[in-house]
1. If Cys173 satisfies all but one of (1) assigned to a helix (DSSP H, G or I); (2) touching a helix residue (DSSP H, G or I) at 6+ places or on another chain (Cβ under 6 Å); (3) of a type outside the set (S, T, N, Q); (4) away from the ligand (no atom under 16 Å from the Cβ), what's the number of the condition it fails?
2. Quick test for you: out of Ala240, Ala269, Ala251, pick the one residue that is small (Gly, Ala, Ser) and surrounded by fewer than 19 Cβ atoms within 10 Å (Cβ to Cβ).
3. Ser231 passes all but one of (1) outside any helix (DSSP H, G or I); (2) of a type in the set (S, T, N, Q); (3) within 11 Å of the ligand (Cβ to nearest atom); which number fails?
4. Kindly list, by first and then second residue, each pair from a residue in the stretch 183-202 that is more than 9 Å from the ligand (Cβ to nearest atom) to a residue that is of a type outside the set (S, T, N, Q) and in a helix (DSSP H, G or I), limited to pairs with Cβ atoms under 7 Å and residues at least 6 apart or on different chains.
5. Does the stretch 274-292 contain at least one residue that is at pLDDT 95 or above and in a strand (DSSP E or B)?
6. Filter the stretch 168-194 down to the residues that are over 23 Å from the mean Cα position of the chain (by Cα) and loosely packed, with under 14 Cβ neighbours inside 10 Å, then identify the one that is nearest to Ser256 (Cα to Cα).
7. Here is a check on your reading of the model: is Lys210 more than 11 Å from the ligand (Cβ to nearest atom) and either over 21 Å from Arg151 (Cα atoms) or surrounded by 14 or more Cβ atoms within 10 Å (Cβ to Cβ) (or both)?
8. Please go through the stretch 277-303 and pick out each residue that is surrounded by fewer than 19 Cβ atoms within 10 Å (Cβ to Cβ) and away from the ligand (no atom under 16 Å from the Cβ).
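The values are calculated or read from the model by the stated rules, or taken from the named source; none is laboratory data. Remember, it's a predicted structure, so these values are computed and weren't measured experimentally. Cβ coordinates were reconstructed from backbone atoms using ideal geometry, including for glycine residues, and neighbour counts include every protein chain displayed.
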Amino acid sequence: MIYDLKSLNKPLILIVEDDPISALLTSSALTDIYKTHHVSSGQEALDYCQHVLPDLILMDISMPGMDGYAACRELKASLSSKDIPIIFVTGHTDIKSEDESWEAGCADFITKPFSTNTLRKRVNAHVSSKLMTDKFKRMATLDGLTNIQNRRFFDGHLTETLSVCNKTNQPLCVLLIDIDHFKQYNDVNDHLVGDDCLRLVVSTIRMKLKRSEYCLTRYSGDVFALIMPNSTLEQATELAEILRLAIKKLALPHSSSPFGEVTVSIGGALAQAPNMHETDLMKRADANLYFAKNAGRNQVLVD
Ligand SMILES: Nc1nc2c(ncn2[C@@H]2O[C@H](COP(=O)(O)OP(=O)(O)OP(=O)(O)O)[C@@H](O)[C@H]2O)c(=O)[nH]1
């Protein structure tokens, strides 16, 4: 299936090219369907992608300073930019350059001088495929009830985030947030009211999250997991307490709970770089949740 690209909000193409005339020619061949942005070196491309993620990159190979191969390798090594297709637009036509292009991680290459038609067709094909993959990934990792990421996403994201934190020597905390006596809540009310409660708990937690790198997921039925990269034990404990209080403050009636209203128990754990491991981290967070439940619920235990 090919996307009707014209019907979409214009996808963004980054043109990395040190020759301004070539950049202009490339850009003018695409602007009816795409937004384009031009930078003149590999380093500028890396800097740009720190802030904006384009849908595709057209990359020259020979540029002063960092060349296209090196820039491509760096972009492919980064978590945020690794899925952006990169097409080399190059005057190099020898086999060695082709091999080096594939090894650097490019999606395709176009040799100069190129036909405008070929450029457009190749770009359209790669952008369509990227947008479709993005959409499937979003669908496969979204929880339909609460509209936050699901367990499948959590597992992959925790592995990736731990790996980044291990490399950059940052601590990471995980919180497990579990609604107390939720089975009885469903039994006394009904399942649809239970669904509303789950959605409300999620929106309440989301409103209290101030850092964009914090990632809230639905871990299992009435349990939510929060991944907190670059966070200390004190920050995790403080946030857990804020979340516990915010849920209690909703004052949602829960007649079969000793508290008379919906509450949560929260267990959390800290992992310290450089030897963090997800199984150990989750075991400790789970054990702390268990202790918080056994100690009477409506409380936080993070260590
Ligand atoms: N309404 C609703 N209920 C759900 C959903 N997913 C899971 N549940 C219910 O969540 C309840 C979780 O029950 P338990 O794991 O026994 O936990 P609990 O009753 O909260 O007990 P504690 O955690 O020990 O306080 C079960 O009754 C599930 O049926 C959902 O999507 N919607």
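1. Result: Cys173 fails condition (1) only.
2. Step by step, each of Ala240, Ala269, Ala251 is checked, and only Ala251 is small (Gly, Ala, Ser) and surrounded by fewer than 19 Cβ atoms within 10 Å (Cβ to Cβ).
3. Looking at each condition in turn, Ser231 falls short on (3).
4. Val201/Ile247
5. Looking through the stretch 274-292, none of the residues is at pLDDT 95 or above and in a strand (DSSP E or B).
6. Looking at the filtered set, the residue picked out is Gln184.
7. yes
8. Listed by number, the residues that qualify are His277, Glu278, Thr279, Asp280, Lys283, Arg284, Asp303.
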